[in-house]
């Protein structure tokens, strides 16, 4: 199953309602949607984004200078 790119453009972060960025693996398959503002990654399971806050994984904090 493929993820429709039009769907990606409509989805927003369920926490802050901000934009999401599609992340892909080495084979260019969609793996997760990330929110830079909340530092969360929402998984894509069998082509379906799981947009539940408790299912998201925290992203690593950017290095501080």
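Computed from the coordinates by the stated procedures, all read-outs in this text should not be read as laboratory data. Just so it is clear, the structure is predicted and the values come from calculations on it, not from any experiment. Cβ sites come from the backbone with ideal geometry, for glycine too, and all protein chains shown count toward neighbours.
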- Can you tell me how many residues in the range 32-48 are exposed (fewer than 14 other Cβ atoms within 10 Å of the Cβ) and over 17 Å from residue 61 (Cβ atoms)? 4
- Answer residue from the range 19-37, given it is touching a strand residue (DSSP E or B) at 6+ places or on another chain (Cβ under 6 Å) and part of a loop (DSSP other than H, G, I, E, B) and is farthest from residue 55 (Cα to Cα) among those: 25
